[in-house]
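Shown next, in structure tokens, is the structure this report addresses.
The values are calculated or read from the model by the stated rules, or taken from the named source; none is laboratory data. The shown structure was predicted, so the numbers you read here are calculated from the model rather than taken from an experiment. All Cβ positions, glycine included, derive from the backbone under ideal geometry; neighbour counts span all protein chains shown.
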Ligand code: SF4
Ligand code: SF4
């Protein structure tokens, strides 16, 4: 624990809330050592030892609850209630709660924004087969995207021969449809499919990237 750590405005070292282990009753089962997430305990010679008492979370009693031999004890809870009253901690508690809520709200808003972005389709890869040459398919692609926030990228035309392609020898083309503004392209995709269909080409695959 940091030297100057506070519990709702009260120096933690001024609060005597921590476990005490009765070594005679301890059977070394290690449940307390395992259950505590704050590094309060260490096991020494098959006994549980309270090594860092002020790491203990004020008000927690988990290790005492799970101890099978009731070897662990705590001060009376009145001690905490008295401190709460004497130090008038509730103004601090409310301020901390407001800050916590603001942090949670910000995390939720960030998660929602990330979720919305993840749902966007900003790039989709198409694989198309058929005869491309005489249909001037590339020109039609260019016209479709002209003056719009979409583009065709990574265009690959795999054709056996250039002359053959012009004579409509079956070829294979892959390309990606993308947004030039990192926006959703879903409204544009039906137009791309329609272009493929109108040209008598076969849509082999379509995958969101
Ligand atoms: S849970 Fe109880 S018996 Fe088990 S190690 Fe801790 S103090 Fe000992
Ligand atoms: S009361 Fe909680 S925080 Fe404190 S030592 Fe036990 S398990 Fe750890």
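Based on this model, can you work out whether residue 117 counts as closer than 30 Å to residue 190 by Cα and assigned to a strand (DSSP E or B)? No, not satisfied.
Only one entry in 177, 155, 128 is free of Cβ contacts under 8 Å to residues at least 60 places away in the same chain, part of a strand (DSSP E or B), buried (at least 16 other Cβ atoms within 10 Å of the Cβ) and touching a helix residue (DSSP H, G or I) at 6+ places or on another chain (Cβ under 8 Å), namely 177. Residues that are away from ligand 1 (no atom under 11 Å from the Cβ) and in contact with a strand residue (DSSP E or B) (Cβ under 6 Å, 6 or more places away or on another chain) number at least 3 in none of the helices (runs of 4 or more DSSP H) confined to the range 1-101.
Just give me the residues in the range 48-101 being within 15 Å of ligand 2 (Cβ to nearest atom), exposed (fewer than 13 other Cβ atoms within 10 Å of the Cβ) and farther than 24 Å from residue 34 by Cβ, in sequence order. Within the range 48-101, 76, 77 meet the criteria. The set of residues in the range 16-28 being crowded, with 16+ Cβ neighbours inside 10 Å and away from ligand 2 (no atom under 12 Å from the Cβ) consists of 26 alone.
When the criteria are applied in full, residue 108 meets the requirement of being loosely packed, with under 11 Cβ neighbours inside 10 Å, on the phi < 0 side of the Ramachandran plot, away from ligand 1 (no atom under 15 Å from the Cβ) and assigned to a helix (DSSP H, G or I).
Filtered by the rule that a residue be farther than 21 Å from residue 119 by Cβ and surrounded by 12 or more Cβ atoms within 10 Å (Cβ to Cβ), the range 192-209 gives 195, 196, 199, 201, 202, 203, 204. Can you say whether residue 35 is in contact with a helix residue (DSSP H, G or I) (Cβ under 6 Å, 6 or more places away or on another chain), surrounded by fewer than 17 Cβ atoms within 10 Å (Cβ to Cβ) and at pLDDT 95 or above, as far as the supplied structure shows? Yes: the conditions hold for residue 35. Listed by first and then second residue, the pairs linking a residue in the range 12-32 that is within 28 Å of residue 87 (Cβ to Cβ) to a residue that is near ligand 1 (Cβ under 7 Å from one of its atoms) and in a strand (DSSP E or B), with Cβ atoms under 6 Å apart and 6 or more places separating them unless they lie on different chains, are 19/72.
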